[in-house]
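Working notes for the structure below.
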Amino acid sequence: MPSPASASNNPVLRLDSVSLGYGDFTVLRDISLEVSRGQVVAMMGGSGSGKTTLLRAATGQLRARAGVVTLFDQDLAQTDARQLQALRQRMGVLFQQGALFTDLNVFENVAFPLREHASLSQAEMLSRVLNTLDAVGLRCAAHLKVSEVSGGMARRVALARAVILEPELVLYDEPFAGLDPISLGITARLIRSLSDRLGCASVVITHDIAESFAIADQVYLVGQGCIKAHGAPATLHASTDPYVQQFLNGHPDGPVPFEYPSTPAFESWLARQGALQ
Ligand SMILES: Nc1ncnc2c1ncn2[C@@H]1O[C@H](COP(=O)(O)OP(=O)(O)OP(=O)(O)O)[C@@H](O)[C@H]1O
Ligand SMILES: [Mg+2]
């Protein structure tokens, strides 16, 4: 029987006028976006603009303060813990902080979701994990401990683990961080080919403009608490919007803020420091 998602042509992930934040701090307002099967969507924006926060909304870790987050045709505000767990099994996530299991070797890290959610023979497990490690260039690193791999290798192990169950939606939070130029190019092509081959939807949070523009169907630019621009890579390249141009060209001066903004929480912390002197 087809799953509800594969039976519909609706977007795999959809945000309608969503606001997100922590405590009394609203990070993002009125965010609308959608990600469809087979699409690669790049999410870009300055440090602290709210990209990881958006990812947390998509996984249901963070509830929307306003608006609706729809994942696989289900409104996340209406899901209980068990339903959310079932939806999460259909997605793969590469977290910004790799989060590998340090007491397991590379093979077991990648095999972990399979052992949890699939019943495969030992031979099937071996072949599936080694093939996925092969795709990220680490087949022969299967036996290494996590402490024995480099930062960039650990990133690729985490990526292999995120896609091992061939999920319908994969969220990658900075998959290119710490990769050398060759690994970066290969990883970008891998993300594209997974979307093409499996028909999965991919969201790639990244600062790498050249590589993400080369593989993305749609790009969203997050800044100043909202979506500043979105469209196909060529459309954004052609944009005359000063914000878009400054971001794409990396100019130090312009409307894109560099400094973390002052907040009431910072001011009261600073006042307390003064009181201590
Ligand atoms: N758990 C949290 N509690 C409170 N504030 C948070 C929390 N996580 C993030 N923030 C704040 O929310 C804002 C957005 O953070 P987020 O991690 O989404 O940014 P980002 O765009 O992913 O940045 P980067 O590119 O540096 O990873 C920041 O101002 C950050 O300080
Ligand atoms: Mg982040």
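Rule-based calculations on the coordinates, nothing more; no lab input. It should be emphasised that the depicted structure is a prediction, and the values quoted were computed from it without experimental measurement. Please note: Cβ atoms are built from the backbone with ideal geometry, for glycine as well, and neighbour counts cover all protein chains shown.
A few comments on the model shown:
- Residue check: VAL204 meets all listed conditions (1) away from ligand 2 (no atom under 16 Å from the Cβ); (2) touching a Leu at 6+ places or on another chain (Cβ under 9 Å) but one, namely (1).
- When LEU62, LEU55 are checked against the criterion of being in contact with a helix residue (DSSP H, G or I) (Cβ under 7 Å, 6 or more places away or on another chain) and not aromatic (Phe, Trp, Tyr), a single residue qualifies: LEU62.
- Selection within the stretch 92-109 - more than 11 Å from VAL146 (Cα to Cα) and either among the hydrophobic types (A, V, I, L, M, F, W, C) or away from ligand 2 (no atom under 14 Å from the Cβ) (or both): GLY92, VAL93, LEU94, PHE95
- In the stretch 30-37, the count of residues that are of a type in the set (Gly, Ala, Ser), closer than 15 Å to GLY225 by Cβ and part of a loop (DSSP other than H, G, I, E, B) is zero.
- Across the stretch 38-67, the qualifying residues are those that are away from ligand 2 (no atom under 15 Å from the Cβ) and not in a strand (DSSP E or B), and the one among them that is farthest from SER212 (Cα to Cα) is ARG65.
- Search result, residues across the stretch 118-148 that are aliphatic (A, V, I, L, M), within 17 Å of LEU184 (Cβ to Cβ) and assigned to a loop (DSSP other than H, G, I, E, B): VAL136, LEU138
- Near pairs, Cβ below 8 angstrom, 6+ apart or cross-chain, from the stretch 52-64 (in contact (Cβ under 8 Å) with a residue 40 or more places away in the chain and within 10 Å of ligand 1 (Cβ to nearest atom)) to any residue that is part of a helix (DSSP H, G or I) and of a type in the set (D, E, K, R): LEU62/ARG56
- Leading residue by the ranking (farthest from LEU71 (Cα to Cα)) among those in the stretch 152-197 that are within 16 Å of ligand 1 (Cβ to nearest atom) and part of a helix (DSSP H, G or I): ARG155
Residue-by-condition table, conditions (1) more than 21 Å from TYR220 (Cβ to Cβ); (2) within 13 Å of ligand 1 (Cβ to nearest atom):
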| residue | (1), (2) |
| --- | --- |
| GLY23 | yes, yes |
| VAL27 | no, yes |
| SER36 | no, no |
| GLY50 | no, yes |
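- Of the helices (runs of 4 or more DSSP H) that lie entirely inside the stretch 229-277, those containing 1 or more residues that are over 21 Å from VAL41 (Cβ atoms) span 242-249, 264-276.
- The condition of being in contact (Cβ under 8 Å) with a residue 24 or more places away in the chain, assigned to a strand (DSSP E or B) and within 16 Å of ligand 1 (Cβ to nearest atom) holds for VAL204.
- Number of positions in the stretch 171-186 that are away from ligand 2 (no atom under 16 Å from the Cβ) and either crowded, with 24+ Cβ neighbours inside 10 Å or free of Cβ contacts under 8 Å to residues at least 12 places away in the same chain (or both): 2
- One residue stands out among those in the stretch 86-120 that are within 22 Å of LEU198 (Cβ to Cβ) and of a type in the set (Gly, Ala, Ser): the one that is nearest to ligand 1 (Cβ to nearest atom), which is GLY92.
- VAL93 vs. criteria among the aliphatic types (A, V, I, L, M) and not in a helix (DSSP H, G or I): yes
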